[in-house]
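> Following this message is one structure expressed as structure tokens.
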Amino acid sequence: MQTAASNANSVHVMGSSYSPDLAEAIRKSNREIDLTLRMDYDNNASNLLRRSDHWPFLQRGVPAVFFHTGLHPDYHTQFDRPEKIDYTKVERIARLVYQTSWDLAQADSRPGTPEVRQIPLP
């Protein structure tokens, strides 16, 4: 069972196994931020990825990821209260999302999936 403490310095990146290019961009962006990237939820028993809004895109070969702070005993219960939010961690995850987005926007091509070839930008 996961706990908030076991996820203290980590972020789960779901959808990363569908685009090695996107996973690598996230790893590169994380070098300065130094979170523990956990890319292990894509095919787990809870089916979090398949229950997400990202799933229809992934099914059609469109790279998509979502960042999740992890499960814990209070997840989606009445005990999951705002005072339990680690705002410093949220800020670091936001910096990771921003940096990854910035790097992708500046790149010469978009991340692909194994089924879809990268299309160079005009």
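> Among the candidates 61, 112, 70, which residue alone is closer than 15 Å to residue 14 by Cβ and at pLDDT below 90?
Details: 61 fails: closer than 15 Å to residue 14 by Cβ; 112 fails: closer than 15 Å to residue 14 by Cβ.
Only one candidate qualifies: 70.
Each row is one residue, and each column tells you yes or no for (1) within 22 Å of residue 71 (Cα to Cα); (2) in contact with a His (Cβ under 8 Å, 6 or more places away or on another chain); (3) surrounded by fewer than 20 Cβ atoms within 10 Å (Cβ to Cβ); (4) aromatic (Phe, Trp, Tyr).
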| site | (1), (2), (3), (4) |
| --- | --- |
| 14 | yes, yes, no, no |
| 38 | yes, yes, yes, no |
| 42 | yes, no, yes, no |
| 47 | yes, no, yes, no |
| 51 | yes, no, yes, no |
| 57 | no, no, yes, yes |
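> Let me ask something else about it. Can you find, within the range 59-70, the residue that is nearest to residue 89 (Cα to Cα) among those that are surrounded by fewer than 18 Cβ atoms within 10 Å (Cβ to Cβ) and either touching a Gly at 6+ places or on another chain (Cβ under 9 Å) or free of Cβ contacts under 8 Å to residues at least 40 places away in the same chain (or both)?
66
> Of all residues in the range 83-109 being modelled with pLDDT under 90 and not in a loop (DSSP other than H, G, I, E, B), which is surrounded by the fewest Cβ atoms within 10 Å (Cβ to Cβ)?
The first filter runs over the range 83-109 and keeps only residues modelled with pLDDT under 90, leaving 83-86, 109.
Add one more test, that the residue is not in a loop (DSSP other than H, G, I, E, B), and what stays is 83-84, 109.
Values: 83: 4, 84: 10, 109: 12.
It comes out as 83.
> Restricting to the range 1-60, name every residue that is β-branched (Val, Ile, Thr) and not in a strand (DSSP E or B). Can you show your working first?
If we filter the range 1-60 for residues that are β-branched (Val, Ile, Thr), which is where we start, we get 3, 11, 13, 26, 33, 36.
Of everything in the range 1-60, those that are β-branched (Val, Ile, Thr) and not in a strand (DSSP E or B) turn out to be 3, 26, 33.
The values are calculated or read from the model by the stated rules, or taken from the named source; none is laboratory data. Fair warning: this is a prediction, and the values are worked out from it, not measured in the lab. We place every Cβ from the backbone using ideal geometry, glycine too, and count neighbours over all the protein chains shown.
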